[in-house]
C-alpha cells in the first residue's frame with residue numbers, strides 16, 4: 001500500500017502537469033543553493049515553477065499523457081522540472097541563458113504543448129519568439145491592411161487639395 005505522502009506528491013505533480021504549456025527537464029547536479037534560488041527567482045518572474053522531483057512519482061503522475069514514453073529515459077538521476085502554464089517558450093529562454101552562464105545545469109528535454117523535444121532541439125526552441133512578441137507581431141499584421149486602406153482613401157483627397165491650392169495660387 002502506497003504511503004500517504006507519496007500519494008499526495010503524485011497528486012501535486014498531476015496538478016502541476018495538467019494544462020502545462022511547457023515542461024522542461026533539467027539536471028541540476030552541482031548547483032549551489034544560491035544558484036538554484038537565483039534560477040527560481042528568474043523563472044518565477046515568468047510564472048514558472050521549478051521543482052526537484054522524485055522520478056518514480058513523477059512517472060506515475062504523467063502516465064496518462066502521450067509523451068510519457070519519450071520522457072521516461074530523461075527521468076534518471078537528479079531531475080528538476082520547470083513548468084509553465086502561460087508561455088511555453090519563456091522558461092526555455094531563461095533556462096538556456098542560465099545554462100550558458102552556468103555549465104552545471106543540464107537541459108535534458110522539453111515537452112512543449114504536449115510534444116516531446118530532445119536535448120538537441122532545445123536551443124532552436126529557445127529562439128522562438130515569446131507570447132508577448134507573437135501578439136505584437138499579430139497586431140502589426142492585422143493593422144497593416146487597415147493602414148493601406150486609409151492611405152489609399154486619403155491619397156485622392158490630398159491630391160485634390162493640392163490641385164485646388166495650385167489653382168488658387170494661379171488666380172492670385
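The values are calculated or read from the model by the stated rules, or taken from the named source; none is laboratory data. Just so you know, these numbers come straight off a predicted model, no measurement behind them. Counting neighbours? That spans all protein chains shown, and the Cβs are built from the backbone with ideal geometry, glycine included.
Determine, yes or no, whether residue 35 is more than 21 Å from the chain's Cα centre (by Cα), assigned to a helix (DSSP H, G or I) and either more than 19 Å from residue 15 (Cα to Cα) or not assigned by TED's automatic domain parsing to the domain that holds residue 109 (or both). Taking the combined requirement at face value, the residue satisfies it.
Yes or no, residue by residue, for (1) at pLDDT 80 or above; (2) outside any helix (DSSP H, G or I):
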residue	(1), (2)
59	yes, no
70	no, no
82	yes, yes
149	no, no
157	no, no
168	yes, no
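For the stretch 151-164, does any single residue satisfy the condition of being surrounded by 10 or more Cβ atoms within 10 Å (Cβ to Cβ), closer than 30 Å to residue 62 by Cβ and not assigned by TED's automatic domain parsing to the domain that holds residue 22? Checking the stretch 151-164: not a single residue is surrounded by 10 or more Cβ atoms within 10 Å (Cβ to Cβ), closer than 30 Å to residue 62 by Cβ and not assigned by TED's automatic domain parsing to the domain that holds residue 22.
If the condition is being farther than 21 Å from residue 97 by Cβ and without any contact (Cβ under 8 Å) to a residue 40 or more places away in the chain, then the stretch 36-75 contributes 55, 56, 59, 63, 64, 68, 69, 72, 73. How many residues does the stretch 31-78 contain that are surrounded by 13 or more Cβ atoms within 10 Å (Cβ to Cβ) and farther than 14 Å from residue 95 by Cα? Number of matching residues: 18.
Matching residues to (1) within 12 Å of the chain's Cα centre (by Cα); (2) on the phi < 0 side of the Ramachandran plot:
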{"position": "30", "(1), (2)": "no, no"}
{"position": "53", "(1), (2)": "no, yes"}
{"position": "61", "(1), (2)": "no, yes"}
{"position": "65", "(1), (2)": "no, yes"}
{"position": "89", "(1), (2)": "yes, yes"}
{"position": "100", "(1), (2)": "no, yes"}
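For the stretch 93-125, filtered to residues that are out of contact with any strand residue (DSSP E or B) (no Cβ under 9 Å at 6 or more places or on another chain) and part of a helix (DSSP H, G or I), the residue that is nearest to residue 40 (Cα to Cα) is 98. Of all residues in the stretch 132-149, those satisfying the criterion of being loosely packed, with under 10 Cβ neighbours inside 10 Å and over 30 Å from residue 91 (Cβ atoms) are 145, 146.
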